[in-house]
Amino acid sequence: MLVDAQGHALTVRREERRIPVRIRARYDSALPGGPYARHWANADWLSPDAGATPAVRRTLRSRCRYEVVNNSYAAGLISTLANYVVGTGPTLRLIPRAKTGKRASQALMDMAEAFNAWAWDVSLARNLNVMQRAKSTDGEGLSLLVSRNVPDTQVSLGLRTFEAEMLSNPEDFNGLEIEKPEGIDLGADGEPAMYHVLKHHPGGGQYARVFGQSFTVRPEHLCHWFDVLRPGLHRGVPEIVAALPMFAQLRRYTSAVVTAAEAAADFAGVLQTDTPPGEADIVDVGTTFDMEKGSFIATPAGWKMGQVRAEHPGPMHEAFIRTIVREIGRCIDMPYAVAAMDASGHNYSSMRGDWQAFFASLRYRRHVCEQMVLDKVLTAWTFEARLVHGFLPPESYDYVWDWPAAEPTDPVKEAEAAVLKLKANLTTYAREYAKVALNSEDELRQRGRECALLKELGLMDPSSVPQSPAQEAAGDGASGANGAVGNNAAAGKEEKP
């Protein structure tokens with residue numbers, strides 16, 4: 001027995017042993033059965049390449065192509081997306097890595113101009129547009145880097161686009177399935193080490209005569225542009241595959257509305273009676289007769305003429321179309337105003353909010369295009385151009401792809417923002433001119449010549465001639481010190497000391 005200093009017994013409290021309680025948590029969506037069991041009946045756990053088998057991709061490609069050529073909304077979405085992503089095509093801009101002289105800078109400019117001229121000759125923008133369209137409908141844009149048979153050219157490199165069916169190797173097939181990505185040999189690191197391309201399209205007439213003939217291509221000579229939707233996916237699926245059922249619903253609904261409207265319009269009138277039996281003239285049910293346009297007609301006794309009410313399209317017709325088109329555009333990050341080419345229900349703020357998300361998607365698409373296509377093209381072009389003595393400068397450089405910018409929603413606000421950014425050193429003339437696919441040095445030199453000519457002819461106010469930053473700073477200081485006095489004097493007021 002334990003006692004304290006006063007002799008009182010001490011009570012020892014024993015902590016109760018706590019039995020750990022096991023918490024059983026669960027996901028409702030993972031439970032078997034339930035009201036959505038039939039909805040998820042087709043869900044599987046296949047690997048990325050096993051889920052996108054050649055048979056599956058072939059079916060998706062054929063259905064997407066069919067919908068695009070038969071559905072105006074599908075054709076418009078694919079065309080609009082390609083035009084926004086590619087536009088008139090990117091231009092190359094070279095940036096020296098170290099401080100260089102005027103001659104070295106001019107050499108880099110000449111190199112960029114040489115590449116951009118080559119890109120014009122091989123229709124780089126058109127090929128990128130075709131690849132983006134194929135990426136939307138076929139799942140992947142493919143292009144071979146080939147040698148052109150063009151005389152009097154220093155760089156014979158060219159591009160040849162081809163469809164996804166041609167990226168295949170018949171020797172890989174084992175029954176109806178294949179054990180590896182169709183037309184791709186993977187290396188030890190899991191990346192493509194070799195591509196197999198058929199000499200002729202499987203859907204063409206020549207393929208039957210040369211069945212199975214293909215050739216191999218190294219990865220640096222083939223541009224494979226597709227969306228890697230899952231880790232380990234090596235072949236793409238169409239971008240609009242999620243919207244295929246809605247394209248079908250849109251066409252079926254439109255066809256049903258037109259059919260109902262035509263059925264109502266096929267009957268010019270209907271004879272009907274409320275007279276008790278025996279009191280009206282007898283008219284056989286289903287009797288039809290023709291009547292001339294703009295004429296009167298005598299109806300049987302007790303009968304009156306009526307018309308079938310045209311109830312289609314109904315009041316919810318336009319709302320249904322808007323809902324379907326909005327949902328279709330969501331799978332490619334395209335707002336309704338762009339997908340439907342209808343901005344009647346938008347204002348400036350709502351349009352700007354929608355366009356910010358759309359432009360973010362465009363920037364990512366262009367970034368992937370640079371990695372999968374343009375960088376390979378530039379590497380191959382540089383390799384061949386260096387074989388020509390004195391064609392390329394020896395200086396090291398970095399490069400930037402300048403894409404054409406979209407037309408601003410408010411040109412005045414965009415111009416004011418560009419001026420403020422230039423004054424705050426948050427942008428450059430090169431970047432601003434690149435947004436409209438122009439060379440900054442060429443444009444500034446041209447502007448200088450125009451200003452000199454206008455000043456020589458006396459057509460320009462000297463105060464309107466662009467000033468240097470130092471002159472602008474000096475002008476701001478003068479206006480800050482003496483401008484107030486001048487303004488107050490002009491207003492007839494005296495400035496307090």
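The values are calculated or read from the model by the stated rules, or taken from the named source; none is laboratory data. Everything numeric in this text was worked out from a predicted model, so none of it was measured. So basically every Cβ, Gly included, is an ideal-geometry build from the backbone, and we count neighbours across all protein chains shown.
Do we have L387 as in contact with a strand residue (DSSP E or B) (Cβ under 8 Å, 6 or more places away or on another chain) and not acidic (D, E) here?
No.
How many residues does the range 215-248 contain that are more than 18 Å from the chain's Cα centre (by Cα), in contact (Cβ under 8 Å) with a residue 60 or more places away in the chain and under 21 Å from Y195 (Cα atoms)?
Qualifying residue count for the region: 11.
Would you pick out the residues in the range 410-420 that are in contact (Cβ under 8 Å) with a residue 12 or more places away in the chain and either assigned by TED's automatic domain parsing to the domain that holds S349 or of a type in the set (D, E, K, R) (or both)?
The answer is D410, and nothing else.
Take the conditions at pLDDT 90 or above, surrounded by fewer than 19 Cβ atoms within 10 Å (Cβ to Cβ), at negative phi and among the aliphatic types (A, V, I, L, M) and apply them to V69. Does it pass?
Against the criterion (at pLDDT 90 or above, surrounded by fewer than 19 Cβ atoms within 10 Å (Cβ to Cβ), at negative phi and among the aliphatic types (A, V, I, L, M)), V69 qualifies.
Which one is nearest to the chain's Cα centre (by Cα), of the residues in the range 133-169 that are buried (at least 18 other Cβ atoms within 10 Å of the Cβ) and among the small types (G, A, S)?
S136
Against the definition (without any contact (Cβ under 8 Å) to a residue 12 or more places away in the chain, touching a strand residue (DSSP E or B) at 6+ places or on another chain (Cβ under 9 Å), assigned by TED's automatic domain parsing to the domain that holds A340 and more than 30 Å from M246 (Cα to Cα)), how does S147 come out, yes or no?
Considered against the rule, which asks whether it is without any contact (Cβ under 8 Å) to a residue 12 or more places away in the chain, touching a strand residue (DSSP E or B) at 6+ places or on another chain (Cβ under 9 Å), assigned by TED's automatic domain parsing to the domain that holds A340 and more than 30 Å from M246 (Cα to Cα), S147 comes out as yes.
Consider R14 carefully, then state whether it is outside any helix (DSSP H, G or I), among the charged types (D, E, K, R) and either at pLDDT 95 or above or not assigned by TED's automatic domain parsing to the domain that holds V368 (or both).
Answer is yes for this residue.
Can you name the condition, by its number, that A265 falls short on among (1) modelled with pLDDT of 75 or more; (2) of a type outside the set (S, T, Y); (3) under 30 Å from A75 (Cβ atoms)?
(1)
Only one of W40, W120 is over 18 Å from D227 (Cβ atoms) and not in a helix (DSSP H, G or I). Can you tell me which?
Matching residue, one of W40, W120: W40.
Taking the stated definitions as given, is V130 in a helix (DSSP H, G or I) and either surrounded by 20 or more Cβ atoms within 10 Å (Cβ to Cβ) or in contact with a Gly (Cβ under 9 Å, 6 or more places away or on another chain) (or both)?
So V130 fits the description; yes.
Can you tell me which residue among V388, V400 is within 30 Å of K99 (Cβ to Cβ) and at pLDDT below 85?
Result of the check over V388, V400: V388.
Quick one: in the range 72-100, which of the residues that are outside any helix (DSSP H, G or I) and of a type in the set (S, T, Y) is surrounded by the fewest Cβ atoms within 10 Å (Cβ to Cβ)?
T88
Please name all residue pairs, on different chains or six or more residues apart, with Cβ atoms under 7 Å, provided the first residue is in the range 425-445 and is outside the structural domain of T91 (by TED's automatic domain parsing) and farther than 20 Å from A125 by Cβ and the second residue is surrounded by 12 or more Cβ atoms within 10 Å (Cβ to Cβ) and among the charged types (D, E, K, R).
Short answer, once both residue conditions are applied: T427/K421; A430/R93.
Looking at the range 392-413, which of its residues are surrounded by 15 or more Cβ atoms within 10 Å (Cβ to Cβ) and part of a strand (DSSP E or B)?
Listed by number, the residues that qualify are Y397, Y399, V400, W401, D402.
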